[in-house]
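The values are calculated or read from the model by the stated rules, or taken from the named source; none is laboratory data. This structure is a prediction, so every number in the text was calculated from the model and none was measured.
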Amino acid sequence: MPELVVLVLNDPDRTDEVLAAWLAVGVSGATILDSAGLGQRAGKQGIRDDLPLFPSLENILRGREEQHRTLFAVVPDGFDVEALVTATEKITRPLEEPDTGILFVVPVTRAWGLHRRRS
């Protein structure tokens, strides 16, 4: 059965490295989204009203939210998900450690358009 692999990556600067590792283990395609977690949203209320009339770059960046990347890939039946996890953790550190990310896999009961990458 195909599976949906989802990785919420805490360090968006590692996105290209993770995608390269996924390609190396056979992932044929992925979708990448900018994302932010509930913990980052807690306590945030509306637009900042403390910016000066002519803000400096530092003032603007100080209020910027920390971003994550969420990567999605549907892998075919029989895909070696453990190899994908191992390749991911070589880049992120073990996902059991804080501030690395969350990876989970969900069965896909039906899928259309899945094609293995041609070498």
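Only helices (runs of 4 or more DSSP H) wholly contained in the stretch 18-119 count here; list those with 3 or more residues that are modelled with pLDDT of 95 or more and among the aliphatic types (A, V, I, L, M).
Ranges flagged: 81-92.
Can you spot a residue in the stretch 6-14 that is under 18 Å from Leu114 (Cα atoms), in a loop (DSSP other than H, G, I, E, B) and at pLDDT 95 or above?
Taking the stretch 6-14 first, the residues under 18 Å from Leu114 (Cα atoms) are 6.
With the extra rule that they be in a loop (DSSP other than H, G, I, E, B), the set shrinks to none.
No, the stretch 6-14 contains no residue that is under 18 Å from Leu114 (Cα atoms), in a loop (DSSP other than H, G, I, E, B) and at pLDDT 95 or above.
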